[in-house]
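The values are calculated or read from the model by the stated rules, or taken from the named source; none is laboratory data. These numbers come from a predicted model, not from an experiment. For neighbour counting, all protein chains shown are included, and Cβ atoms are generated from backbone atoms with ideal geometry for every residue, glycine included. Keep in mind that these areas ignore ligands, DNA and RNA; they rest on the heavy atoms of the full protein, side chains included. Shrake-Rupley method; radii C 1.70, N 1.55, O 1.52, S 1.80 Å.
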2 protein chains.
Amino acid sequence: MKTLKLFLVFAFAIFAANVSAQQKKYVMVIHGGAGTILKKNMTPEKEAEYVKVLTEALKAGYAKIKDGKTSLDAVEATIHVLENDPHFNAGKGAVFTHDGRNEMDAAIMEGETLMAGAVAGVTTVKNPISAARAVMEKSEHVMMVGAGADLFAKDAGLEIVDPKYFWTKERWDGLQQAIKEDSTKAVLDHGSKKSELLGSKNHDYKFGTVGCVALDKAGNLAAGTSTGGMTNKKYGRVGDAPIIGSGTYCNNETAGISCTGWGEFYIRNVVAKTISDLMEYKGLSVDAASKIAIEKVGKMGGDGGLIALDKKGNMSMPFNTEGMYRGAITADGKIEVSIYK
Amino acid sequence: MKTLKLFLVFAFAIFAANVSAQQKKYVMVIHGGAGTILKKNMTPEKEAEYVKVLTEALKAGYAKIKDGKTSLDAVEATIHVLENDPHFNAGKGAVFTHDGRNEMDAAIMEGETLMAGAVAGVTTVKNPISAARAVMEKSEHVMMVGAGADLFAKDAGLEIVDPKYFWTKERWDGLQQAIKEDSTKAVLDHGSKKSELLGSKNHDYKFGTVGCVALDKAGNLAAGTSTGGMTNKKYGRVGDAPIIGSGTYCNNETAGISCTGWGEFYIRNVVAKTISDLMEYKGLSVDAASKIAIEKVGKMGGDGGLIALDKKGNMSMPFNTEGMYRGAITADGKIEVSIYK
């Protein structure tokens, strides 16, 4: 009887080990923003469009990884697809500032070396993620902002476009709507309580950021994020996307992370580094750490989501909104794309 | 004999408890930059000037705390003294960009609420730390950059000055020297290895940032940092000072932190949040956590220092350079100011 019990314990251990070994290994995760994305508001055609672009983006990055290229190459190629598509609030399709401009932010980071690059408030470089990569690879700096960052992108040989390139009717209409709704609300409101100052009726204006984390054949992680920021933003506002540690972070010892959501809350919580530190200092899994970080944002009143991928190919995609455009691809090329909860 | 031993153990325990209770409680720590500060290069007059300003800065903040004002008020008052004094690379005395401009960055954060504000690349607001505070308190945003941030500061009623106000002969001469030394070095250097790209012969051009952490009577921490960045900086470069989590962070549960040094390394290591997380997730003291963070910067090739203060009044001021202008004041008003190792 005792022998049988021991045998069963062994058999179960072998079975469990096999299940673990068979667990899916992801090599890339992406997001296209989180927010009030409800199935009832979506047409089947619109839904199909989003699925198509997310799938294309995953394929573009996967091709790099399969080809033995770096995770950085995969992240850049993937985000190019999302930046060049008007469905997302990044590159073509970026939202408008209060002054009717498209001011974009992006960041990229490499998990092996902890090298990082970021740009904020760029207006002429076609692919802000490539500008971030150029800052990382071709300058001694990590972050450049405004006209200086655009000039650097030009000097680095990147494609420069007329700001009109970023104009889309949907985003322009969105700005007009936002201005109308906000017309009674002064940004400077000395009398308001902090909670009111932080609040915004239009919090979906903040969503649509894109991001990607990739794991290459050499076992190196890279993470990138690109965004147009918040519709109707004023005064050169910068969100979390280009802030290393907040919207973007990557470390081979822990995970690559890209966030999307109400940027101010992500900065105040330094979300991406928090996830990495929960893994490094508390020994949490990438999923457990990611969920705790989103809970912190939620408790403070913020919303959004994030994607994270560790060196072993475990991923997490938590969000506390109605939906998040997201996708992942396994080492053997199996694609998963989702929109709703 | 046994009774005697027990008595001695008890006596020692009481003695140890007393020593612990008598440990100094600090209510404010400040820095005025870390770098190659050698006694042999300093005149007694120059040294006395630095000590005088650091002392004045501590007194200005201490007066607020003693008066029952918030730690935020203390941080702002202290940094005003340092910003208004030409000895430091912040406000009046800020270094020049390659184009001969003074582009300043600052951040402030409140430990109780995790509210934060930051500005980067401002050129006309007399006290950038106050602009950061205005972003935190009078807008729904955390970070504003460039002309937008200056406009916001103006709209918020802050003192605006002609950019000429920031001109000082010493910094202007520093720029001319830097341009001369860098004339053979292109910032865009596609052929170089990463280590070369990150390297800089002129790394003392990066120092002189000022910062302050304060603890008020209500037990709340606040931290702030203000800087002119790096002499000869190009392309709208932004360092770690205005990056929440990197150069500045504050959390009542852990500590308030302000960093100074080679900003790029502080961003890549997300230094300030790392210290907070080492305290929160590993249970380390503020001093142990701060030292680990500086070691991480050093191992990567970066240098600088930081100041940190926890809710109990324990402080840490590690640096891996030859010197750091620094000071602290205890709850009963005892001032300590140091420059060298």
query = Quick one: residue A:79 ticks every box in (1) under 21 Å from residue A:215 (Cβ atoms); (2) of a type in the set (Val, Ile, Thr); (3) within 12 Å of chain B (Cβ to nearest Cβ) bar one, so which box is it?
reply = (3)
query = Restricting the range A:326-341 to residues that are touching a helix residue (DSSP H, G or I) at 6+ places or on another chain (Cβ under 6 Å) and open to solvent by less than 50 Å² (accessible area, probe 1.4 Å), which is farthest from residue A:211 (Cα to Cα)?
reply = A:340
ask   = Looking at A:57, A:94, which one is closer than 28 Å to residue A:124 by Cβ, out of contact with any Phe, Trp or Tyr (no Cβ under 7 Å at 6 or more places or on another chain), modelled with pLDDT of 95 or more and buried (at least 24 other Cβ atoms within 10 Å of the Cβ)?
value = A:57
request  = From (1) modelled with pLDDT of 95 or more; (2) open to solvent by 10 Å² or more (accessible area, probe 1.4 Å); (3) part of a helix (DSSP H, G or I), pick out the condition that doesn't hold for residue B:180.
outcome  = (1)
Filter result (at pLDDT 95 or above, surrounded by fewer than 20 Cβ atoms within 10 Å (Cβ to Cβ) and facing chain B (nearest Cβ under 10 Å)) within the range A:97-127 = A:113
query = Within the range A:282-313, how many residues turn out to be under 17 Å from the mean Cα position of the chain (by Cα), assigned to a loop (DSSP other than H, G, I, E, B) and over 23 Å from residue A:47 (Cα atoms)?
reply = 1
Flag if residue A:70 is among the hydroxyl-bearing types (Ser, Thr, Tyr), more than 14 Å from the chain's Cα centre (by Cα) and within 12 Å of another protein chain (Cβ to nearest Cβ) = no
task = Could you look through the range A:148-167, keep only residues that are more than 7 Å from chain B (Cβ to nearest Cβ) and outside any loop (DSSP other than H, G, I, E, B), and pick out the one that is surrounded by the most Cβ atoms within 10 Å (Cβ to Cβ)?
result = A:153
request  = Name every residue in the range B:240-253 that is under 12 Å from the mean Cα position of the chain (by Cα), more than 7 Å from chain A (Cβ to nearest Cβ) and not in a strand (DSSP E or B), in order of residue number.
outcome  = B:240, B:241, B:242, B:247
ask   = So which residues in the range A:128-147 are of a type outside the set (Val, Ile, Thr), closer than 23 Å to residue A:100 by Cα and either open to solvent by 20 Å² or more (accessible area, probe 1.4 Å) or facing chain B (nearest Cβ under 7 Å) (or both), if there are any at all?
value = A:144, A:146, A:147
message = List the residue pairs whose Cβ atoms are under 8 Å apart, where the first residue sits in the range A:254-276 and is facing chain B (nearest Cβ under 7 Å), the second is in a helix (DSSP H, G or I) and among the hydroxyl-bearing types (Ser, Thr, Tyr), and the two are 6 or more positions apart or on different chains.
response = A:273/B:274
ask   = If you scan the range B:229-239, which residues turn out to be within 9 Å of another protein chain (Cβ to nearest Cβ) and either surrounded by 24 or more Cβ atoms within 10 Å (Cβ to Cβ) or at pLDDT 95 or above (or both)?
value = B:230, B:233, B:235, B:236, B:237, B:238, B:239
inquiry  = Any residue that is within 14 Å of chain A (Cβ to nearest Cβ) and closer than 21 Å to residue B:211 by Cα - is there at least one of those in the range B:86-94?
reply    = no
Flag if residue A:264 is more than 13 Å from the chain's Cα centre (by Cα) and surrounded by 24 or more Cβ atoms within 10 Å (Cβ to Cβ) = yes
task = Kindly check whether there is at least one residue in the range A:46-53 that is in a helix (DSSP H, G or I), open to solvent by less than 30 Å² (accessible area, probe 1.4 Å), among the hydroxyl-bearing types (Ser, Thr, Tyr) and in contact (Cβ under 8 Å) with a residue 40 or more places away in the chain.
result = yes
inquiry  = I'm told residue A:226 meets every condition in (1) buried (at least 24 other Cβ atoms within 10 Å of the Cβ); (2) within 14 Å of chain B (Cβ to nearest Cβ) except one. Can you identify the failing condition by its number?
reply    = (2)
Test for residue B:77: is it open to solvent by less than 30 Å² (accessible area, probe 1.4 Å) and free of Cβ contacts under 8 Å to residues at least 24 places away in the same chain = yes
inquiry  = Taking the condition of being within 23 Å of residue B:251 (Cβ to Cβ) and open to solvent by 10 Å² or more (accessible area, probe 1.4 Å), how many residues in the range B:294-304 meet it?
reply    = 3
message = Just checking, does the range B:120-139 include any residue being in a helix (DSSP H, G or I) and touching a Ser or Thr at 6+ places or on another chain (Cβ under 7 Å)?
response = yes
message = Looking only at residues that are open to solvent by less than 40 Å² (accessible area, probe 1.4 Å) and modelled with pLDDT under 95 in the range A:305-323, which one is nearest to residue A:247 (Cα to Cα)?
response = A:321
inquiry  = Quick check on the range B:204-223: of everything there that is farther than 19 Å from residue B:269 by Cα and at pLDDT below 95, which residue is nearest to the other protein chains (Cβ to nearest Cβ)?
reply    = B:205
